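Chemist: Sharing a structure below in structure tokens format, with a few things to ask.
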Amino acid sequence: MNIDLTKLSQLQPLFKLLSAGTHLNRLQDTELWVELESQRELYETLFAACGFTLVLDGRGFAYFKTDQASSYTGKLTRRLALLLMLLFEYQADQGLHLFQFQQWRLDNELIDKLWQHYHAVLEAEELTSQHLLKEIFDSAARIGFLVSEDGEYRLLPAVHRYLDLFEELAQAERSDHLHSEGELL
């Protein structure tokens, strides 16, 4: 298959963004998103030929799927997953709907509440200060999971990746609980 590269007007910025491990978000990167959607097949084919798997999620984000992770990205991913899981749990306990996470504002007050509520869990992951939580959120902003606005963070559509995992874990826990209750009867 021959690919007419002139049709891929945003190839360089898209590749630079995605190959750096950053998530493209429809709401934040509108011009790149429109280009990617309009030339999706060509980009998928070209990136696949270069060894990259492009994932374009209908909920408004895209990324390169990879099985390889450096020790830094593995640590960041683990810590971000923990923070988001705790955030989802805390917000659910407050009666907020998880799928409306893009409306949440992660300000200093909410970060402080997370710190106070989950202090022991966070310290077990060597997150020993609120400053470290903000560093993780800043790193997550650099790779397209959050955006920082006026000293607050807002979650972007790419967070669905973590929410999906959180929902899977919750479903597995419910299934295990139902299964163990059935054994008791």
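Chemist: Do you know which of the residues in the range 95-123 that are of a type in the set (Asp, Glu) and assigned to a helix (DSSP H, G or I) is farthest from Gly74 (Cα to Cα)?
Modeler: Kept after step one, since they are of a type in the set (Asp, Glu), are these residues of the range 95-123: 107, 109, 112, 123.
Subsequent filtering for residues that are assigned to a helix (DSSP H, G or I) retains 109, 112, 123.
On the way: Glu109: 28, Asp112: 25, Glu123: 18 Å.
The selected residue is Glu109.
Chemist: Also, quick follow-up: Return the total of residues in the range 124-139 being assigned to a helix (DSSP H, G or I) and surrounded by 13 or more Cβ atoms within 10 Å (Cβ to Cβ). Break it down stepwise before answering.
Modeler: Just the residues of the range 124-139 that are assigned to a helix (DSSP H, G or I), to begin with: 124, 130-139.
With the extra rule that they be surrounded by 13 or more Cβ atoms within 10 Å (Cβ to Cβ), the set shrinks to 130, 132-137, 139.
Residues flagged as assigned to a helix (DSSP H, G or I) and surrounded by 13 or more Cβ atoms within 10 Å (Cβ to Cβ) within the range 124-139 amount to 8.
Chemist: To continue, here is another question. Is it fair to say Arg105 is in contact (Cβ under 8 Å) with a residue 12 or more places away in the chain and open to solvent by 80 Å² or more (accessible area, probe 1.4 Å)?
Modeler: On the way: in contact (Cβ under 8 Å) with a residue 12 or more places away in the chain: yes; open to solvent by 80 Å² or more (accessible area, probe 1.4 Å): yes.
Yes; evaluated as a whole, the condition is true for this residue.
Chemist: Only one residue in Leu155, Leu98, Leu163 is within 29 Å of Trp33 (Cβ to Cβ), outside the structural domain of Phe61 (by TED's automatic domain parsing) and modelled with pLDDT of 95 or more, so which one is that? If you could, list the steps in order and put the result at the bottom.
Modeler: Details: Leu98 fails: modelled with pLDDT of 95 or more; Leu163 fails: modelled with pLDDT of 95 or more.
Result: Leu155 is the single residue among Leu155, Leu98, Leu163 that is within 29 Å of Trp33 (Cβ to Cβ), outside the structural domain of Phe61 (by TED's automatic domain parsing) and modelled with pLDDT of 95 or more.
Chemist: If you take the residues in the range 2-28 that are over 18 Å from Gly144 (Cα atoms), in a loop (DSSP other than H, G, I, E, B) and of a type in the set (A, V, I, L, M, F, W, C), which one is least open to solvent (accessible area, probe 1.4 Å)?
Modeler: By that ranking, first place goes to Leu8.
Chemist: Picking from Thr22, Thr45, which residue would you name as being of a type in the set (Val, Ile, Thr) and either more than 30 Å from Thr128 (Cβ to Cβ) or in the same structural domain as Leu155 (by TED's automatic domain parsing) (or both)?
Modeler: Numbers: Thr22 fails: either more than 30 Å from Thr128 (Cβ to Cβ) or in the same structural domain as Leu155 (by TED's automatic domain parsing) (or both).
Selected residue: Thr45, the only one of Thr22, Thr45 that is of a type in the set (Val, Ile, Thr) and either more than 30 Å from Thr128 (Cβ to Cβ) or in the same structural domain as Leu155 (by TED's automatic domain parsing) (or both).
The values are calculated or read from the model by the stated rules, or taken from the named source; none is laboratory data. Everything numeric in this text was worked out from a predicted model, so none of it was measured. We place every Cβ from the backbone using ideal geometry, glycine too, and count neighbours over all the protein chains shown. Protein only, heavy atoms only, side chains kept; ligands, DNA and RNA dropped before computing areas. Shrake-Rupley method; radii C 1.70, N 1.55, O 1.52, S 1.80 Å.
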